[in-house]
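First up is the structure itself, then whatever we jot down about it.
Just so you know, all these numbers are worked out from the coordinates, no wet-lab data involved. Computed from a predicted structure; not experimentally measured. We place every Cβ from the backbone using ideal geometry, glycine too, and count neighbours over all the protein chains shown.
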């Protein structure tokens, strides 16, 4: 058991040490998302399994708040509505559960943020294809490699040796992006959502 602990901790440390290689992509993704939100657009998130949980988590950070008090930001997890997921999965197949929702909800200028530890999830890849067809911007948080790195506007890799370590980096990436988006919108420049003044509520 101690050997397993030591190996997992060593793998995590090595993975974190490799994160600096993704700094430019993380900053680019954060700016892309911030600009979209300022333009009145929506962030759509998707993933399977643990990545579905992280998609839901990050959407909540945007809509609720992250570290500081600020207005809610428009974000939707495509992995949480069981009626939509089961209806689409039953009628069209599981590969369509995210792309079909984007067909209905996605608008030009919105952002698709997809998460996949393998980078090969068919339903996530289908969502990116639909996003491009419909004029959405896109961010892909994946594992160590991607068969087609042109599938998204910004690809953020996870230099980790196993799925658990990749998911741990994804959690860090998501929190960092939320923090950078807040900074870009509310502290990096003029507040596009000024508080209401005058009158009473």
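Observations
- Listed residues 90, 48, 123, most fluctuating in the chain (Gaussian network, C-alpha, under 10 Å): 90
- Percent of Cα-Cα distances greater than 19 Å, calculated over the stretch 98-171: 31
- Computed packing ranks the peptides 167-175, 54-62, 113-121, 12-20 as 113-121, 54-62, 167-175, 12-20, most packed first, by mean other Cβ atoms within 10 Å.
- Between residue 133 and residue 20, residue separation times 0.36 nm minus the direct Cα-Cα distance comes to 37.5 nm.
- Based on alpha carbons, the Rg and Dmax found for the stretch 60-114 are 13.6, 42 Å.
- Over all orientations, the stretch 17-185 has a Cα convex hull whose mean projected area works out to 9.0 square nanometres.
- For the chain, calculated [θ]222 nm from helices alone, where every DSSP H run of n ≥ 4 adds -39500 (n - 2.57): -15500 deg cm²/dmol
- Gained length - residue 175 relative to residue 163, 0.36 nm times residue gap less alpha-carbon distance: 2.5 nm
- Between the stretch 1-36 and the stretch 103-181, the alpha-carbon centres lie 14 Å apart.
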